[in-house]
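Accompanying notes for the structure given below.
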Amino acid sequence: MQHFTITDSQQLDAFCDRLASASVIGFDTEFVSEDTYRPQLCLIQVATESEQAVIDPIALPEVDRFWQQLADGDHETVVHAGREELNFALTATDRRPARLFDTQIAAALVSTEYPAGYGSLISKFLGQKPSKGETRTDWRRRPLSPAQIHYALEDVRHLLPLRNEIKTRLEKRNRLGWLADEMASWQDEVEAARLRQRWRRVSGIAGLSARSLAIVRELWQWREQQAENRNSPPRRVLRDDLIVEIGKRKTADESRILAVRGMERAALRKAAPELAASVQRALDLPNDQCPHKIHRDLPSQLNVLGQFLSPALNSICRSAQVATSLVGTATDVRELIAFRLGFDGAETESRPALAVGWRAELVGNLIDDLLTGKKSIRIDDPCSDHPLVFDDVSSAE
């Protein structure tokens, strides 16, 4: 199939004009994330049913026309593990690509592996093996060699045939609706994550007091702003362990902040007044505005029920050829049990994941029947891949 590299705006406009008539567009990206606040987009690989192209964002003044074209029209957009691809689209246009189909998510609805690598899915669904190489390429450097272009195109060369095969299997099992729901909720989550303050992901905050957590939150917010202003990875501005140690000390005294081992860098010493001000804001907060540890006061029998019913989740998923890791976890099972039985401390603001949509259809409703005694679990053939059987209680009697 014909392929070419796009390095000027005229080429990009002509290509996007052709994309307007495509019924399906697959794309992937190459980016570098270790040196900047947000990943630096270095290459966009695109495949339609008639052509393949590599768009060079480094050579072009801008590539917004491509992202706009992805959002427009009635085509289906195909990606694999496309979180960063979706983020690039949202950053450029604040719009989602039209009718997004992620092969990694789709494959998990007709097979037991998730998250599955691109090569693994090509082998499993197409019986082919993509070529490898150039795995440590610095995609920022120019010019790109023919080998690098070939390697980049491998990420989209099989993308549309893979989508076709997975979609056929979804249709046979009447699961296209499942995929539509999952893609919608997944994109909602990606968009929400762009706005969410993820300070609770700072490593080492377990066990900190509410006041120390307030300090961590303030320092995290300062770090994020500095990192964005400098276009630098946040941990290069201030490491997690330093944030936690300052939080533990609960002091806005600059000399004590700078006494923390690891604060010797000139940039941090210069930032001491700002760090102290951040700490002071946290110290001045009323107690009821300090964050608290997330915990649930649930009865001990919930763990017993969870341990008993969690294997049911795996058995149901394996029997249905759906990836358990996409459907839910043991925690999701416990949350469903707590919700259904009305345990004090259970989350009530939103329904548990296993009680909603296709997950409820596949797993949640069955667990409900087990909890209410409408169904029972027994071992049928211990040597079988699916040894557990779920019987109606009336028929079992």
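Annotation note: of 282, 277, 227, the sole residue that is surrounded by fewer than 19 Cβ atoms within 10 Å (Cβ to Cβ), assigned to a helix (DSSP H, G or I), outside the structural domain of residue 33 (by TED's automatic domain parsing) and touching a residue at least 24 places away in the same chain (Cβ under 8 Å) is 277.
The criterion of at least 3 residues that are crowded, with 18+ Cβ neighbours inside 10 Å is met by the following strands (runs of 3 or more DSSP E) wholly inside region 1-53: 24-32, 40-47. Which residues, taken from region 290-313, are under 26 Å from the mean Cα position of the chain (by Cα) and modelled with pLDDT of 90 or more? Across region 290-313, the qualifying residues are 291, 313. Counting residues in region 83-96 that are farther than 30 Å from residue 226 by Cα and touching a residue at least 24 places away in the same chain (Cβ under 8 Å) gives zero.
Counted as qualifying within region 75-194 are no helices (runs of 4 or more DSSP H), as none has 3 or more residues that are under 19 Å from the mean Cα position of the chain (by Cα), aromatic (Phe, Trp, Tyr) and surrounded by 15 or more Cβ atoms within 10 Å (Cβ to Cβ). Out of 204, 262, one residue alone is in contact (Cβ under 8 Å) with a residue 24 or more places away in the chain and either surrounded by fewer than 18 Cβ atoms within 10 Å (Cβ to Cβ) or outside any helix (DSSP H, G or I) (or both). It is 204.
The values are calculated or read from the model by the stated rules, or taken from the named source; none is laboratory data. Small disclaimer: the values here were computed from a predicted structure and weren't measured. Reconstructed Cβ throughout: ideal geometry from the backbone, glycine too, with neighbour counts over all protein chains shown.
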